[in-house]
Amino acid sequence: MTQAVREAQRSEPVVRSRSRLGRLRSLYARRAPGEPRAVGYLYVLPALAVFSLFILVPFFQSIWYSLFNWDGLTPATWVGLDNYTALFTDPSLRGPFVHALILLLFYALLPIVIGLLIAATLSRMRIRGMTFFRTVLFLPQVLAMVVVALAWRWIFAPDGLFNAGLSAVGLGGITRPWLGDFTFALPAVGIVGTWVEFGLCMVLFLAGCQRIPRELYEAARLDGAGAVREFFAVTLPELRPQIAVAATLTIVAGLRNFDLIYVTTGGGPGDATSVPAYEVYHRAFEVGQVGGAAAIGIALAILIFVVTVVVSRLIEGRR
Amino acid sequence: MSHPRRRLGALVTLALVSTSLVAAGCSAPGSSDNSPATNTGQPKASVATNPAKGGKVTLNVWDQEVRGGQNAEMTQLNKEFQEKYPNVTINRTSKSFSDLKTTLRLALSGKNPPDVVEANQGYPDMVTFVKAGQLVPLDKYAKLYGWEQRYPKTLLDLNRVSDDFQHFGEGKLYGISQMGEYITVYYNKSKLKSLGLTPPKTWSDFAAQLPKIKAKGQTPIEFGNLDKWPAIHTFGVIQAQTTGKQDVRNLVFGTGNAKWTDSATVKAAKVLQDWAQKGYFTKGANGLGYDDASKKFADGTGVYLITGTWQAAVLKKPMGKNLGLMLPPPAQAGGEPTTTGGESLAFAVTSKSQHPDVAAAYLDFITNAHADDVMTQTGNLPAVPGKAADALPADSPEGQMVAGWKDLSKVDGLVPYLDYSTPTFYDTITASLQSLIGGQTTPEQFTQTLQADYQKFHQK
């Protein structure tokens, strides 16, 4: 006899009393055993309340603000969708989104490729002190982004470590103030992102590799597959779920990238490295264009949402 | 058939969304808080200048004086004020400049803002606060305490906002500043001597020294512009020489017919780009941090460093007597010097403060002659140097700093910070200066970009 049925029997007298509570109870007593009970909503209510207070309310508030021209203090003027059309027409607003998409190459694509290569190599051979290397390679992910950014600011300085290293190997000709160079500032910031993210991808893929059945590799080897063939025929398809997770995490991290830009370049030189998240902060708190900042924020949220859905459909094959 | 569970789920979602929408407020943002100022700032005769008669009062003060000497000066003055008026308690909140800038806006629009705040001059901050009716005009207090006699007009004017809220630099007074600051030319005394040079007496002497220093394998001017804003000061100093002070003021405050594309400003841009291309600045200046450049200068690389007097204390620590300061040399020897500069953030009284008279008395206390001496003793540059400043040794960095400030005040030689020009000018000029220094744009294109921003704002 299930718990539900037992309870239903116990509640019989209350039903007879015809009270409202009793009717409600009898309603639930009739439900099939194992079916989730509506009382579950009561359990999630506290979390939902907090969620709506700190996520939903500000979210709808931002949407509302984005329809105004507002400096944060004086009465706002209604501009409808002007803030959004400006995202497409104003080059100073379009730029940050283009930069963010370019940065995705460094934040998502490169770390995944590097992570796959390392994972494939490490899973094929036994290396002494493997845990040590794994920890070291994962370390950037653990550090606070501001610390990372400050460190790289020094590394990329005109007489910093990076240029010193280039000069030492005879490449003194290509040294430059990396973060102050109009062409190379964006890739330089991107490299930092790659350095931060590839450890995460690698650890995810290594974990994924461990649950690939050995028989698949044996079968591939029996069929005469080499290391490369094996990678594309077995490792890559089997790692699909992990790749989807890594892609989602790194893409989201890349698109909402703020601290790195704030500390290293402040969007400069010129506007060469400005990104949407930085623009939101800059416009809302420094220039006093709250409406425009809210519109960028909403557009960024939509972009992240769309990209994440596309990734989970394409890579993970989820419907 | 609709499932009861799903129906309930939909209901919950609907309820959440609608409460969110209600909470988000369906009135235009900013409108609810714009009730007319509760306090017109009319001094009550009895307590106007004597806070002791005001009863028990707590003043909430927000300032940004967190650095060594500045913090020392504020702490001491607050202590003395509370000793003088035991009925007044000062509740001080001190934040760094950028923290204050990002939180002040929200604090002011709240129901219970601080009584006294330090507001940054310019369109995005002070002008916006005044426009929103959040600051009290201080003209009555200025008369009462004689600020107009004590302070140079140029300095008081920076804290004025016009009645139509379109300009600043004229109109009603909304704040008073403690300290002066100006862009100065720091030099490494022993290095200059070892190169067989003396501090230049004219601007052309200065310019002529740069290639000589470069030829001897040294960096003439240490310069780090990764943080974007330092170039405003370097360019400001050059522009003040080529354009003259009145034209720069007209440009910044939007008076007169001066244009950014005028030949004198183009010339200044050419000089800056020329110096960058000839290597008179640190190599790769756009990629070097401001603090890193200062540190390099303090460590002995670079002969000159062009930056604000706020760095004097920082540089003096490692350099000691080796640190020299001078005003950018004038066109003719002994001529009138001019440089970019201004004053520290303005202390202002909020309209919702219950004790505007006490707050104004506090403003006077932290800017009066005694306060000036306290500031000097703590290594700061008071806006109106007093007795203690006169007693500083003339060849010490502090002595040179005060002497330079007095020279500037005597000839009215300060030109305002260029980023005051329009609400978006900081972004425009910092980005364009990086392009100019990096050789991405020509001097002509640079001035056209500035003029475009300027025109857009002034046509409104």
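Since every read-out is calculated from the coordinates, none of them should be taken as a lab result. Keep in mind the model is a prediction, meaning the values are calculated, not measured. All Cβ positions, glycine included, derive from the backbone under ideal geometry; neighbour counts span all protein chains shown.
Put in line by how crowded their Cβ is, counting other Cβ atoms within 10 Å and starting with the fewest, B:ILE232, A:ILE63 read A:ILE63, B:ILE232. Taking 0.36 nm per residue of separation and subtracting the current Cα-Cα distance, fully stretching the chain between A:ARG214 and A:ARG23 would add 62.9 nm. Along the charge dipole of the protein assembly as shown, which of A:LEU53, B:SER351, B:ALA403 sits closest to the positive end, that is, farthest toward it, with unit charges on the beta carbon of Lys, Arg, Asp and Glu (+1, +1, -1, -1)? Going by the charge dipole, the pick is A:LEU53. A straight Cα-to-Cα reach below 27 Å connects B:LYS270 with the lysines B:LYS201, B:LYS212, B:LYS214, B:LYS216, B:LYS228, B:LYS245, B:LYS259, B:LYS278, B:LYS283, B:LYS296, B:LYS456, residues fewer than 8 places away in its own chain not being considered. Compared with the dominant principal axis of the Cα atoms in chain B, helix B:397-411 is inclined by about 80°.
The mean sequence separation of alpha-carbon pairs under 8 Å and at least six residues apart, normalised by the residue count of region A:201-271, gives a relative contact order of 37 percent. In the structure displayed, which of B:LYS111/B:LYS143; B:LYS143/B:LYS410; B:LYS191/B:LYS316 lie more than 27 Å apart, Cα to Cα? Distance filter (> 27 Å) returns B:LYS111/B:LYS143.
Rounded to the nearest 20 debye, the dipole magnitude of region B:268-367 is 460 debye, with +1 charges on Lys and Arg beta carbons, -1 on Asp and Glu beta carbons, and the Cα centre as origin. Under 5 Å from the amide H of B:GLY308 lie the amide H atoms of B:THR184, each residue being 5 or more positions distant or on a separate chain, with H modelled from the backbone and absent for Pro and chain starts. If only the Cβ of Lys and Arg carry +1 and only the Cβ of Asp and Glu carry -1, the dipole of chain B around its Cα centre is close to 860 debye. Each Cα pair under 8 Å and six or more residues apart adds its sequence gap; the mean of these over the residue count of chain B is a relative contact order of 23 percent. Using every pair of separate Cα atoms, the Kirkwood estimate puts the hydrodynamic radius of the protein assembly as shown at 30.4 angstrom. Taking a quarter of the surface of the Cα convex hull of chain B gives a mean projected area of 28.2 nm². Name the helices (complete DSSP H segments) of chain A with a Cα length along the long axis of 30 Å or more and a Kyte-Doolittle mean of at least 1.0, or state none. Helices meeting the span and hydropathy rule in chain A are A:185-210, A:290-314.
Helix B:203-215 axis versus longest C-alpha principal axis of chain B: approximately 70°, rounded to the nearest ten.
The distance linking region A:132-156 with region A:171-221 is 13 Å (Cα centroid to Cα centroid, whole angstrom). Using only the C-alpha atoms, the convex hull of chain A corresponds to 241 Å³ per residue. Based on the Kirkwood approach, the hydrodynamic radius assigned to region A:51-199 is 19.4 Å, with every pair of different Cα atoms included. Sparse packing (at most 13 other Cβ atoms within 10 Å of the Cβ) combined with a DSSP loop state is found for the following GluC sites (Glu not before Pro) in region B:131-195: B:GLU170. The value of relative contact order for region A:90-314, using C-alpha pairs under 8 Å at least six residues apart, is 30 percent.
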